[in-house]
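Input: a single structure, listed below in structure tokens.
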Amino acid sequence: MLPRPSWSDKLAENMKSPLLKILCTVAFVAVQGLNALAANFQIRDGDRVVFLGDSITEQRLYTTYLEAYALTRHPTWKLSFRNVGWGGDTSWLRQRTHPDEKELFAANETSQQKMVEDSVGRGLGRDVLPLKPTLVTVKFGMNDHSYQPFREDIFRAYVRSQTQIAKVLAESGARVTFLTPQPIEDKRSDPDKDVRNQSLRRFSDGLKELAGKSGASFADQFDPYMAILLRERAGNPPGFIGGGDAVHPGPIGQTLMAWAVLKEMGASPEVSRAEIDAKAQKVVAAKGCRVENLKQAGGILTFDRTDSALPMPIDERAEAALKLAPVAEELNQLELRITGLAGGTYDVTIDGELAGKVSADELGKGWNFANASGPITKQAREVLKLIFDKNNIFFRRWREIQLFSFPGWAQGPEVEGKRAAALARLDQQIAGMEAQIDKARQPKPHRFEVKPSGQ
């Protein structure tokens, strides 16, 4: 009997396949490049992340941007994300359990604690705990403060409710990150003097204190967002930077929110970087990527580059955010540095598509092409689109089918059977979407060409 081929023999034989060579190269680069970047990031491999909050969370914008960062920056991680934001909701989960708020605010310490335990317990028990989260981000405060000057009685209920949320989630084994609300953006030159923002400032300070006491993490987006508002309003008082409305920022404002939160959560700025000495025709350094087949002929430099991850996709509707905050510098560094080039402007193409016209000086210092034209940005934005689609399906599943309340005359085993079947179909769709996302977020090798413009 002939000996059975060993695992190493099989691998050596299979590596003759060009497709497998590419996949193995990508996997090797990913493992080499990403471990160091993930050390301080609050989202971890294997996490089931749940976003809990009010209408700003329900918009599925900042949450989708957070999700897109994690999935593209760590393409080998197994991650899932679910959004259970509810418009009008509060830290005592008003929209889910409908407590008597006048009674809640007026209650003594003992009575208020009982009300909070009941309301928070039922709300989390229905909408969050069944998802078995390992990490929950909690963003309340906008509705809690009731759009009015600071009220101590409401603040007391807010702190008690957030504390109870942290307690229940910790007991379930989930880590908690509290997010502050962002400021209200009315068209005035002094948003920091708005009494509603002054109230939100105090709620945010209280949240930071209780996070420290409860062992939860804390992410402040109020201060960074307010700083941008104040800077922009100084030159253009009637300006409106966030899009959307005063309370609900659009993609631009929510990209700023995601930027602030990701930084607070320990997100790394680096995707990958490569340095090439054109004069010596050699690769000087490569971190988080692999550069091969470097050649120079007729003044044209070509090489193959395989990155360990995709850059964080920037919503096309939100590109103005890149001019308002250092999003690219602090979250999205996909760098190409080429020294030894003659002066002038160069066309950089990726797989034959023009990515940018870049000066020799800029290339020598390091060009960040994380949001440049071409196949890499297109791939990242396709991942973002798929994530939006998946999240919309989950929202319909949860709010429109799972929580749909049938009138009494329509209830019964047959109706519940149809509901169960519909939920199963949507669960299958979500699983299919997640499989598409996992496939779409895998980086690919690309052919780069750098040549003098006009050549």
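The values are calculated or read from the model by the stated rules, or taken from the named source; none is laboratory data. Computed from a prediction, not measured in an experiment: that's the story for all the values here. Glycine also receives a Cβ, built like all others from the backbone with ideal geometry; neighbour counts cover every protein chain displayed.
Where in the range 102-220 are there helices (runs of 4 or more DSSP H), lying fully within it, with 2 or more residues that are among the β-branched types (Val, Ile, Thr)? Please lay out each step first, then the result.
On the way: elements: 109-127, 152-171, 195-214.
Qualifying helices (runs of 4 or more DSSP H): 109-127, 152-171.
I need a count of the residues in the range 88-101 that are assigned to a helix (DSSP H, G or I) and either closer than 19 Å to Val168 by Cβ or modelled with pLDDT under 95 (or both).
From the range 88-101, those assigned to a helix (DSSP H, G or I) are 94-97, 101; that's our starting set.
Pick out the ones that are also either closer than 19 Å to Val168 by Cβ or modelled with pLDDT under 95 (or both) and you get 94-97.
Of the residues in that region, 4 qualify.
Being of a type in the set (D, E, K, R) and at pLDDT below 95, is that true of even one residue in the range 215-231?
Step one: of the range 215-231, the residues of a type in the set (D, E, K, R) are 220, 223, 231.
With the extra rule that they be at pLDDT below 95, the set shrinks to 231.
Yes, the conditions are met somewhere in the range 215-231.
Restricting to the range 105-127, give me the number of residues that are small (Gly, Ala, Ser), within 14 Å of Thr163 (Cβ to Cβ) and crowded, with 20+ Cβ neighbours inside 10 Å. Break it down stepwise before answering.
If we filter the range 105-127 for residues that are small (Gly, Ala, Ser), which is where we start, we get 106-107, 111, 119, 121, 123, 125.
Adding the requirement that they be within 14 Å of Thr163 (Cβ to Cβ) leaves 119, 121.
From what's left, crowded, with 20+ Cβ neighbours inside 10 Å: 119.
Selection size over the range 105-127: 1.
Test Ile437 against the criterion of being assigned to a helix (DSSP H, G or I), closer than 30 Å to Gly352 by Cα and not basic (Lys, Arg), and give yes or no. Full working, then the answer.
Values: assigned to a helix (DSSP H, G or I): yes; closer than 30 Å to Gly352 by Cα: yes; not basic (Lys, Arg): yes.
Spelling it out, Ile437 is indeed assigned to a helix (DSSP H, G or I), closer than 30 Å to Gly352 by Cα and not basic (Lys, Arg).
Can you name the residue in the range 339-363 that is within 31 Å of the chain's Cα centre (by Cα) and without any contact (Cβ under 8 Å) to a residue 40 or more places away in the chain and is also nearest to Met312 (Cα to Cα) among such residues?
In the first step, residues of the range 339-363 are kept if they are within 31 Å of the chain's Cα centre (by Cα); the result is 348-358, 362-363.
Those still in the list that are without any contact (Cβ under 8 Å) to a residue 40 or more places away in the chain too: 353-356, 358, 362.
Values: Glu353: 20, Leu354: 20, Ala355: 17, Gly356: 18, Val358: 21, Glu362: 22 Å.
Result: Ala355.
Filter the range 352-394 down to residues that are touching a strand residue (DSSP E or B) at 6+ places or on another chain (Cβ under 7 Å) and either closer than 22 Å to Ala68 by Cβ or of a type in the set (Ser, Thr, Tyr) (or both), then give me how many there are.
The qualifying residues number 12.
Just name the residue that is farthest from the chain's Cα centre (by Cα) out of those in the range 404-429 that are among the aromatic types (Phe, Trp, Tyr) and assigned to a loop (DSSP other than H, G, I, E, B). Explain how you work it out, then say what you get.
Going residue by residue through the range 404-429, those that are among the aromatic types (Phe, Trp, Tyr) are 404, 406, 409.
Now narrow it down to the ones that are assigned to a loop (DSSP other than H, G, I, E, B): 404, 406.
Details: Phe404: 29, Phe406: 35 Å.
Step by step, filter the range 404-429, then rank; the result is Phe406.
Any idea which of Gln436, Gln442 is within 29 Å of the chain's Cα centre (by Cα) and without any contact (Cβ under 8 Å) to a residue 60 or more places away in the chain?
Values: Gln442 fails: without any contact (Cβ under 8 Å) to a residue 60 or more places away in the chain.
Being within 29 Å of the chain's Cα centre (by Cα) and without any contact (Cβ under 8 Å) to a residue 60 or more places away in the chain holds for just one of Gln436, Gln442, which is Gln436.
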